[in-house]
Amino acid sequence: MKRPREDPDPQHLARADLPRRGRVEPKGRQVAPATLDTIAALLGERVPPRDRLVEHLHAIQDRYGEISAVHLAALAELMRLSQAEVFEVASFYAHFDVVKEGDPPAAPMTIRVCDSLSCQLAGAEALLAEVATKAPDWVRVLRAPCVGLCDRAPAIAIGHNFIAPATTTRALEAVAADETHPAIPPYPDRDAYIAGGGYKLLNDLRDGCLDGEAILTAIDAAGLRGLGGAGFPTGRKWRSVRAQPAPRLMVVNADEGEPGTFKDRHFLLADPHRCLEGVLIAAHLVEASTVVIYLRDEYPEAHEILTREIARLPPNGPAIDLRRGAGAYICGEESAMLESIEGKRGLPRHKPPFPYQSGLFGRPTLINNVETLWWVRDIVERGPDWWKAHGRHGSTGLRSYSVSGRVRTPGVKLAPAGITARELIAEFCGGMADGHRFAAYLPGGASGGILPAAMADIPLDFGTLEPHGCLIGSAAVIVLSDQDDVRAAALNLMRFFEAESCGQCTPCRAGTQKARMLMERSVWDQALLAELAVAMRDASICGLGQAAPNPVVSVMRYFPALFAPAAS
C-alpha cells in the first residue's frame with residue numbers, strides 16, 4: 001500500500017527561504033594578483049606550457065632560494081594545473097627547497113657535502129661534521145648524493161658553486177664571500193672549433209656532398225655502442241628511429257648521476273662543439289625537428305657554455321632546447337628522463353613501447369649519451385679501421401674511464417676498450433696512491449658491483465663482466481685499498497639507491513630500504529639478502545632496482561673472509 005504523502009514541515013520551508021550559509025570564498029589557497037604578476041614576469045610567460053614545469057620551478061628556486069606554498073599556488077594557477085600536481089613534481093626533486101605553509105623559511109645559504117663513495121674515501125664524513133660545527137647559524141649543512149666531482153673528492157656545493165677538493169676553511173671562505181656561482185673555465189668556442197676543421201662533416205651532410213647512409217655505414221662498421229651504460233649498437237638505434245613515422249624527436253642524456261661517473265662533464269667542458277656536431281649529425285639523419293639536451297643540474301659551467309654556444313649555431317638546424325635536471329638519479333634512466341622533460345615526476349615507464357617507438361610527447365625519439373655523440377666525427381673522418389685499431393683483450397675502440405678512489409692520478413682516462421683494471425691503474429693513473437695497496441674495485445660505478453684485486457685482470461668492456469655478476473655501465477672505476485672497508489662501501493651504495501629510488505615499485509622502494517637495514521647489522525643475514533636480491537632483480541620496473549643488489553651480492557660472493565666466524 002502506498003504511503004500517504006506527509007505535509008511539509010513549515011519550519012523547513014522557512015529555512016529554505018533563508019539565504020544559504022557556508023563558504024563564500026572559493027576552495028583552496030587563493031593567490032593575490034600581485035603574486036601572479038610577479039611569477040608571470042619571472043617566467044616570462046602568462047600561461048606557461050605544461051612541459052616547462054621543472055624549468056619554471058628552477059627559475060623560482062634560483063630567484064628566491066626556496067619554493068613556498070604561495071609560489072606553488074601561483075605557478076599552478078598560471079599553468080592551469082592543480083596545486084597537487086605542481087607540489088608532487090616540486091617535492092620529487094632534491095634540488096627544490098619546498099617550504100610548506102607554516103614551516104620556517106629555508107636557510108639563506110646551504111652547504112651540501114657530497115657523501116658518495118669516492119668522497120667518503122676522501123674524508124667526507126669528517127668534513128661534514130666539521131663544516132656543520134663551524135658554519136654560521138644562518139647556514140644549513142646537508143648531505144648530498146654524488147655531484148660528479150669524484151676525481152677531486154671531497155666535494156661541496158654552495159648554491160651553484162661546486163668546490164673540490166673541499167676543506168672546511170675553503171667552504172667558510174666561500175660562504176663569507178657569497179660565492180654561489182662558479183667561474184666559467186676556458187674552452188674552445190665555435191670559432192676555435194671551426195678553425196680546427198669542425199662542422200665540415202655536418203656541412204657536407206647538409207649540402208648533399210656526403211650521403212647519410214655513408215655515415216651510418218661507418219658507425220656500423222666501427223661497432224660504436226651507446227656509452228651511457230646500456231651499450232646498444234648506435235647505428236641500429238638510429239636506423240630504428242628513422243623507420244618510424246615523422247615527426248621524430250631527439251634527446252641527449254647528459255644527466256650522468258652514477259656515483260663515480262664524470263666523463264660527460266669532461267667532454268662538455270673540453271670540447272662542447274664536438275658534442276654538438278655529433279648531436280646535429282644524428283638529428284639530421286633521423287630528421288628530428290627538435291633536440292632536447294637534458295643536462296645534470298650539478299654541471300652549471302657546462303650549462304652556461306652550452307647556452308652560449310647553442311645560441312651561436314646557424315639557424316638552419318633543429319631547435320635545441322637545453323633542460324636542467326633537478327637532482328634525481330633516476331632521471332638518468334631514459335624513460336624517467338622523458339617524464340621529467342614533460343614536466344612530471346621522473347617515474348620510469350613500462351616497456352614496450354620503447355622510446356624509439358613512442359618517446360618524448362609520444363613521438364619516436366632518438367636518445368643518445370654525450371660520449372656516444374662525441375665520437376661520431378672522429379669515427380667518420382678517420383674511418384672505422386682507426387677506431388677498431390684500438391682496444392685490448394679482444395675488444396675494439398676507445399673508452400673513457402672515470403677513475404677515482406685510491407689512485408695517484410684520478411680523472412677521465414681515454415684508454416683502449418677492454419683494458420683491465422690492473423693495467424688502467426698502472427698505465428693511466430700512476431699506480432696506487434702513496435701508502436695504499438690495491439684491494440678491490442668497482443668496474444662500473446655504484447651499480448656495477450665490487451670485485452677483489454685478484455680479479456683485476458678481467459677486460460673492462462661490455463659482456464666481459466656479466467658472467468661475474470657485474471657491469472661495465474658507464475665505465476666508472478672506483479679503486480679501493482687495503483685501508484678501506486668493503487662492507488662499508490657496499491652499504492654506502494645501498495643508502496644511495498634507497499635515497500634515489502623513485503618509489504614507484506615495491507621491490508625497489510621496499511627492497512633497498514630492507515637491504516640497507518640488514519647491511520647495517522654487524523652480522524649480515526646473507527641468505528635473506530640473497531633472497532631479497534632475487535626479488536629486486538626479477539620484479540623491479542627499471543635498472544635502478546634491478547642493479548641495486550649488485551654491490552652486496554658481489555661482496556658476499558667474492559669477499560668470504562669478511563663473513564668468516566671469528567676464531568675463538
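Given a Förster distance of 35 angstrom, what is the FRET efficiency for Ala246 paired with Ala41, based on the Cβ-Cβ distance and rounded to 0.05?
Numbers: r = 37 Å, r/R0 = 1.06.
E between Ala246 and Ala41, to the nearest 0.05, is 0.40.
Percent of accessible area on the stretch 137-283 owned by carbon and sulfur, 1.4 Å probe? Could you put the intermediate results ahead of the total?
Working: 3060 of 5700 Å².
Percent of accessible area from carbon and sulfur atoms in the stretch 137-283: 54.
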Return the carbon/sulfur percentage of the accessible area of the stretch 374-524, one whole number, probe 1.4 Å, all protein chains in place. 50 percent
Rounded to a whole number, what % of the accessible area of the stretch 51-116 do carbon and sulfur atoms account for, probe 1.4 Å? 48 percent
With contacts defined as alpha carbon pairs under 8 Å and 6 or more residues apart, what's the relative contact order of the stretch 310-375 in percent? 19 percent
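For the stretch 54-115, run through the GluC sites (Glu not before Pro) and keep only the ones in DSSP coil with at most 15 other Cβ atoms within 10 Å of their Cβ.
Working: sites: Glu55, Glu66, Glu77, Glu85, Glu88, Glu101; in loops: Glu66, Glu101.
Sites meeting the loop and neighbour criteria: Glu101.
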Solvent exposure of the chain as accessible area per residue, Å², 1.4 Å probe: 44 Å²
Along the Cα→Cβ direction, 7 angstrom out, place labels at His181 and Asp204. What is the inter-label distance in nm? 4.1 nm
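Would you work out the relative contact order for the stretch 172-244, in percent, from Cα pairs under 8 angstrom that are 6 or more residues apart? Provide the component values of the computation, followed by the final result.
Values: 26 pairs, mean separation 10.2, N = 73.
14 percent.
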Given charges at Cβ of Lys, Arg, Asp, Glu: the chain dipole, positive-most of Ser240, Gly449, Met432: Ser240
When the dipole is taken about the Cα centre of the chain, and only Lys, Arg (+1) and Asp, Glu (-1) are charged at their Cβ, what size is it in debye, to the nearest 20? 1220 debye
Can you pull out the trypsin sites (Lys or Arg not before Pro) in the stretch 407-455 that DSSP calls coil and that have at most 15 other Cβ atoms within 10 Å? Arg408, Arg437
For the chain, list the cysteines whose Cβ sits under 4.7 Å from no other cysteine Cβ? Cys146, Cys150, Cys209, Cys275, Cys331, Cys429, Cys470, Cys502, Cys505, Cys508, Cys542
Cα-based count: Lys pairs in the chain below 22 Å, eight or more positions apart or different chains? 7
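Below 8 Å between Cα atoms, with a sequence gap of 6+, how large is the relative contact order for the stretch 342-424 in percent? Working shown, then result.
Working: 77 pairs, mean separation 14.1, N = 83.
Reported relative contact order: 17 percent.
Using 0.36 nm times the number of residues separating Gln30 and Ala426, minus their current alpha carbon distance, what extension gain do you get?
Values: separation 396, 0.36 × 396 = 142.56 nm, distance 6.43 nm.
Extra length available between Gln30 and Ala426 comes to 136.1 nm.
Quickly estimate the mean residue ellipticity at 222 nm for the chain, helices only: each DSSP H run with n ≥ 4 gives -39500 (n - 2.57), and the total goes over all residues, rounded to 500. Could the numbers behind the result be given before it?
Numbers: 25 runs with 235 residues, N = 568.
The helix-only estimate for the chain comes to -12000 deg cm²/dmol at 222 nm.
The values are calculated or read from the model by the stated rules, or taken from the named source; none is laboratory data. On a predicted model such as this, the values are computed, not experimentally measured, just so you know. Note that each Cβ is placed from the backbone with ideal geometry, even for glycine, and that neighbours are counted across all protein chains shown. Note: areas computed on protein heavy atoms with side chains; ligands, DNA, RNA excluded. Shrake-Rupley method; radii C 1.70, N 1.55, O 1.52, S 1.80 Å.
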